[in-house]
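Structure, as structure tokens:
The values are calculated or read from the model by the stated rules, or taken from the named source; none is laboratory data. None of these values were measured; they are calculated from a predicted model. With ideal geometry, Cβ positions are generated from the backbone for all residues, glycine too; neighbour counts draw on all protein chains shown.
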Amino acid sequence: MTSLGQWLGQLHLHDNHGFQDEHLPVGKGDFDFQGLFSYLKSNNFRPIITLEPRSESDLWESLNALDRFALFDHKLF
């Protein structure tokens, strides 16, 4: 991220436990989203974010998690 962050245009987000491509809701696996979002915010990077949920309930769970991370300047919904 440090060397390529300025060229970051889009993120495809989902979580997992590091062993397979689980497509869990954001915050349900082991990935450090708080660290990622803090880095993006502190460097004023604003990539397009694409969520990759497996179900509608996973989508809402991810949106709620993103809202809690306060990455955005306004409420998501």
Selection count, the range 14-27, where residues are under 15 Å from Glu56 (Cα atoms) and touching a helix residue (DSSP H, G or I) at 6+ places or on another chain (Cβ under 7 Å):
2
When every residue in the range 18-77 that is acidic (Asp, Glu), surrounded by fewer than 16 Cβ atoms within 10 Å (Cβ to Cβ) and outside any loop (DSSP other than H, G, I, E, B) is compared, the one modelled with the highest pLDDT is Glu56
List every residue pair whose Cβ atoms lie under 9 Å apart, where the two residues are 6 or more positions apart in sequence or sit on different chains, the first residue falls within the range 24-40 and is within 18 Å of Ser3 (Cβ to Cβ), and the second residue, located anywhere, is among the small types (Gly, Ala, Ser).
Tyr39/Gly5; Leu40/Gly5
Six or more apart or on different chains, Cβ under 6 Å: which pairs go from a residue in the range 8-23 that's closer than 28 Å to Asn44 by Cβ to one that's aromatic (Phe, Trp, Tyr) and surrounded by 10 or more Cβ atoms within 10 Å (Cβ to Cβ)? Could you list them?
Leu8/Phe45; Asp15/Phe31
